Amino acid sequence: MIHVTHNAGASRFEASVDGLLSVADYRLQGRVMVMHHTFVPPALRGRGVAAALVREALAHVQAQGLKVEPLCSYVASYMERHPQTRALRA
């Protein structure tokens with residue numbers, strides 16, 4: 001289980017795994033969360049960390065009644081692979 005936290009002050013979702021920090025950065029533009037960058041250290045890639053970050057971010061978007069603009073290619077591809085998230089697109 002990957003524990004993801006929302007660091008609103010830094011405008012990002014974070015997960016620390018094996019002492020390494022992974023992030024999904026965003027900026028709010030009105031009621032739209034513009035997701036512009038996702039980073040997972042090379043040592044953690046392929047372990048589902050990016051998916052956990054994006055899943056948590058999209059759950060937050062839905063819970064807050066926001067929309068998302070996926071500028072990050074990973075976020076965009078995640079949303080394509082998970083059709084249930086497409087309604088969250090701005």
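Brief remarks on what is shown
- Within the range 1-23, residues that are buried (at least 16 other Cβ atoms within 10 Å of the Cβ) reach partners that are among the hydrophobic types (A, V, I, L, M, F, W, C) and part of a loop (DSSP other than H, G, I, E, B) with beta carbons closer than 9 Å, at six or more positions or on different chains, in the pairs Ala15/Ile2; Ala15/Val40; Val17/Ile2; Val17/Val40; Ser22/Ile2; Ser22/Val40; Val23/Val40.
- Scanning the range 27-62 for residues that are touching a helix residue (DSSP H, G or I) at 6+ places or on another chain (Cβ under 7 Å) and buried (at least 17 other Cβ atoms within 10 Å of the Cβ) yields Met33, Met35, Thr38, Val40, Ala50, Val54, Leu58, Val61.
- Members of the range 1-59 found to be in a strand (DSSP E or B), of a type in the set (Ser, Thr, Tyr) and more than 21 Å from Gln84 (Cβ to Cβ), listed by number: Thr5, Ser16, Ser22
- For first residues located in the range 59-73 and on the phi < 0 side of the Ramachandran plot, partners that are among the acidic types (Asp, Glu) and lie 6+ apart or on another chain with Cβ distances below 9 Å form the pairs Cys72/Asp25.
Just so you know, all these numbers are worked out from the coordinates, no wet-lab data involved. If you're wondering where the values come from, they're calculated on a predicted model, not measured in any experiment. Please note: Cβ atoms are built from the backbone with ideal geometry, for glycine as well, and neighbour counts cover all protein chains shown.
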